[in-house]
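The values are calculated or read from the model by the stated rules, or taken from the named source; none is laboratory data. Given the structure is predicted, the values throughout are model-derived calculations rather than measurements. Positions of Cβ are backbone-derived with ideal geometry, glycine not excepted, and every protein chain shown enters the neighbour counts. Ligands, DNA and RNA are stripped out before the accessible areas are found, and what is left, the full protein with its side chains, is counted by its heavy atoms. Shrake-Rupley method; radii C 1.70, N 1.55, O 1.52, S 1.80 Å.
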Protein chains: 2
Amino acid sequence: MSERGSAHASTSGENLLFLTDDQLRRGIEAMFFAYRGFTADPDRILNDYAYGRAHHRAIHFINRSPGTTVNNLLDILGVTKQSLNRVLRALIEDGLVESQVGKRDRRERHLFLTDKGQALEKELSEAQRVRMRAAYRDAGPDAVAGFRKVLEQIMDPELRKHFQSLKDGS
Amino acid sequence: MSERGSAHASTSGENLLFLTDDQLRRGIEAMFFAYRGFTADPDRILNDYAYGRAHHRAIHFINRSPGTTVNNLLDILGVTKQSLNRVLRALIEDGLVESQVGKRDRRERHLFLTDKGQALEKELSEAQRVRMRAAYRDAGPDAVAGFRKVLEQIMDPELRKHFQSLKDGS
DNA sequence: CTTGGAAAGTCAACAAGGCTGACATAATAT
DNA sequence: ATATTATGTCAGCCTTGTTGACTTTCCAAG
């Protein structure tokens, strides 16, 4: 934590200019505008398939952790089972997701993407990656590290756990 | 500018590891989880007032640019006038927003927060700033700079203009 | 073996907040 | 005069979230 030489705004010898309300407000607005861009490309594609963001999120995390249970997905997505169920039902009916009864615990349903589901997942995630790749490249590796660091701090601790447990494998 | 692939280091003398699909996916998930945290605190407050995020956004940008017109707000928020109108009507009826007929162009309505509106704005934004302040502090100034840099690149160019024009004054 | 409770699914009803389309009004611009 | 712009409004639709009530399945503890 280096010292910064410049002028005021310090309570403990550090330059805390980056913590002014104005800086914070800039960050808040940046999050707002960026999130719109972040979802714009997948949204366009989903529209063609008559799906929405809720379907995208389910597809993403099923792809990420094949065989995950409904309850686990519920935790990650933070919606009610009724809400998720509506989405899953559509995806299963349309043949994008397969639901397998658990072997150890046959109450549980394990979720998998079918080939068709994987195809859509790839289309969606690649569209989203194109934008992120361009942003990362323009901003550079140091900026990317900071980006991720701040985002991680913004998360609720509960969600941060989920995020981190996705780091390695499911 | 090609370079894709997973794990090899450089094609042009630079280390491009931060552009791997895995890194991109991590960023995508970080955005997802962080945005949830980002909106969580205001959402809780809004719930008490029977308002939603749409009201928050309107309040935020009216506070940011007092006297802004409906059309300008429409551009920034990226929703239809019907959608915005529903929200504005509620805020005006409840005495949080005041709508003044334009003087030069009397078709326009200029929007202002009343004292009551400013009070809610302050409550909402302070709740959001508490989280952001903690995140900024934990991540440090360099990370914050990178955070903002990447977010700005993620925005649609159209929205980036709006973001940037909010930098100074309205 | 019975039973309590967990996991999952389902139905119904509702709300917020998006959307489109059609139309009204007022005022500016041509 | 007429066209265009800015705004407002009504009606209706969709997605995606919510609660509440209820059922089915099935594991596990008594």
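Would you be so kind as to identify all helices of chain A, as entire DSSP H runs, whose Cα atoms reach 15 Å or more along the helix's own axis and whose mean Kyte-Doolittle hydropathy is at least -0.5?
What comes out of the filter, once short or polar helices are dropped, is A:81-93, A:141-154.
Any idea what the B:GLU98 label distances to the other copies are, label 7 Å down the Cα→Cβ vector, nm, shortest first?
Copy-to-copy label distances at B:GLU98, shortest first: 6.5 nm.
How much accessible surface area, in Å² rounded to 10, belongs to the heavy atoms of A:GLU93 with a 1.4 Å probe?
140
Whose amide H sits under 5 Å from the amide H of A:VAL97, counting only residues 5 or more places off or on another chain, with H placed in the peptide plane?
For A:VAL97, whose amide H was placed from the backbone, the distant partners under 5 Å are A:ILE92, A:THR114.
A:ALA134 versus A:ASN15, label points 7 Å from Cα toward the beta carbon: distance in nm?
3.3
Quote the FRET efficiency, to the nearest 0.05, computed for A:GLU98 versus A:GLU126 with a Förster distance R0 of 25 Å and r equal to the Cβ-Cβ distance. Could the numbers behind the result be given before it?
On the way: r = 22 Å, r/R0 = 0.89.
The calculated FRET efficiency here is 0.65.
Between rounded, prolate and oblate, where does the protein assembly as shown land on the alpha carbon gyration tensor, with a ≥ b ≥ c its root eigenvalues, rounded for a/c under 1.5, else prolate if a/b exceeds b/c? Before the final figure, lay out each step's value.
Details: a/c = 1.78, a/b = 1.29, b/c = 1.38.
In terms of gyration-tensor shape, oblate.
Please state the charge dipole magnitude for chain B, taken about the Cα centre, from unit charges on C-beta atoms (+1 on K and R, -1 on D and E), reported in debye and rounded to the nearest 20. Write out the running numbers ahead of the final one.
Values: 27 positive and 24 negative charges, 98 e Å.
Roughly 480 debye for chain B.
Report the B-A buried area as the accessible area lost on both sides summed, probe 1.4 Å, in Å² to the nearest 100.
About 6500 Å² of accessible surface is lost on pairing.
Shortest first and in nm to one decimal, what separations exist between A:TYR49 and its copies in the other chains, measuring from label points 7 Å along the Cα-to-beta-carbon line?
From this label point to the equivalent ones elsewhere in the assembly: 3.8 nm.
Farthest toward the dipole's positive end in the protein assembly as shown, which of A:SER165, A:GLY117, A:ALA135, given Cβ charges of +1 (Lys, Arg) and -1 (Asp, Glu) about the Cα centre?
With unit charges placed on the Cβ atoms, the residue in question is A:GLY117.
Assigning unit charges at the beta carbon (Lys, Arg +1; Asp, Glu -1) and nothing else, what dipole magnitude in debye, to the nearest 20, does the protein assembly as shown show about its Cα centre? Each step should come with its number before you reach the end.
Numbers: 54 positive and 48 negative charges, 106 e Å.
It comes to approximately 520 debye.
Among A:PHE147, A:ASN71, A:ASN47, which residue has its Cα furthest toward the positive end of the charge dipole of segment A:27-165, with +1 on Lys/Arg Cβ and -1 on Asp/Glu Cβ?
Farthest towards the positive pole: A:ASN71.
A:ASP105 versus A:ASP22, label points 7 Å from Cα toward the beta carbon: distance in nm?
Spacing of the two 7 Å Cα→Cβ label points: 5.4 nm.
Rolling a 1.4 Å sphere over the protein heavy atoms, what is the accessible area per residue of the protein assembly as shown, to the nearest Å²?
So the protein assembly as shown comes to 53 Å² accessible per residue, rounded to a whole number.
Placing the label point 7 Å from Cα along the Cα-to-Cβ direction, what are the distances from B:GLU123 to the equivalent spots in the other copies, shortest first, in nm to one decimal?
4.5
Let me test this: with uniform point scatterers at the alpha carbons of chain A, what is the Debye-based log₁₀ I(q)/I(0) at q = 0.09, 0.12, 0.19, 0.21 1/Å?
One equal scatterer on each Cα of chain A leads to -0.43, -0.70, -1.38, -1.56.
Over the whole of A:123-136, what's the average partner chain Cβ count within 10 Å per residue? Rounded to a whole number, please. Before the final figure, lay out each step's value.
Numbers: counts 0, 0, 4, 2, 0, 5, 7, 1, 6, 12, 9, 4, 9, 10.
Per-residue shielding by partner chains comes out at 5.
Counting only helical runs of four or more DSSP H residues, what would the 222 nm mean residue ellipticity of the protein assembly as shown come to if each run contributes -39,500 (n - 2.57) and the total is spread over all its residues?
It comes out at -21500 deg cm²/dmol, rounded to the nearest 500.
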